[in-house]
Amino acid sequence: MATTVALTLAFGLAACQSQSSINRNPHSGAITATMQNGIQTVVVTTGDNYRFNPSTITVHPGTVRITLEHKGNGAPHDWQLDGFPAARVPVINPGQSKSIDFVAPAPGRYTFICSIHLKQGQTGTLVVLPN
């Protein structure tokens with residue numbers, strides 16, 4: 001029994017150590033969209049750490065503008081609200097930024113992703129508040 005427990009622990013530790021260090025990067029930042037000309041506006045940055053900043057965005061029902069800015073030097077990134085094809089910022093390269101306007105879905109919590117780096121854990125949460 002002790003040998004089985006020791007082997008299980010050893011394999012478990014080895015599995016944790018083999019996880020990409022990118023996947024262990026923390027998700028940080030939260031923001032509530034600000035109104036500009038009647039549109040809820042948020043700027044999201046991304047870069048070489050394969051994370052979105054902020055990783056939690058709070059909006060109200062209505063039109064939302066997400067601007068994605070690539071602050072890194074490496075791989076390209078995109079931003080898309082999972083399950084909502086119209087809510088997608090196309091791929092951008094280092095130094096670029098692009099914006100997309102969409103209508104916020106029903107109140108609730110939704111996941112947004114970088115479709116290129118989903119395996120690296122590049123995700124976030126869109127919180128849509130009730131009116």
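Quick note: the coordinates plus some simple rules give every number you see, no bench work behind them. The model shown is predicted, which means the values in this text are computed figures rather than measured ones. Because the Cβ atoms are built from the backbone with ideal geometry, glycine has one as well, and the counts that use them run over all protein chains shown.
Placing +1 on the Cβ of every Lys and Arg and -1 on the Cβ of every Asp and Glu, with no other charges, gives the stretch 39-110 a dipole of roughly 80 debye about its Cα centre. Scalar couplings 3J(HN,Hα) for the stretch 62-79, obtained by applying the Karplus form with A = 6.51, B = -1.76, C = 1.60 to θ = phi - 60°, are x, 7, 10, 10, 9, 10, 9, 10, 9, 9, x, 10, x, 4, x, 9, 9, 9 Hz; x denotes Gly and Pro.
Under the criterion of Cα pairs below 8 Å and six or more residues apart, the relative contact order for the stretch 56-105 equals 46 percent. Across the stretch 27-128, the mean sequence separation of Cα contacts (distance under 8 Å, 6 or more residues apart), normalised by length, yields a relative contact order of 28 percent. Computed over the stretch 27-128, the P(r) tail beyond 17 angstrom holds 44 percent of alpha carbon pairs.
The amide H of V44, built 1.01 Å from its N in the peptide plane, has T67, L68, E69 as neighbours under 5 Å, considering only residues 5 or more places off or on other chains.
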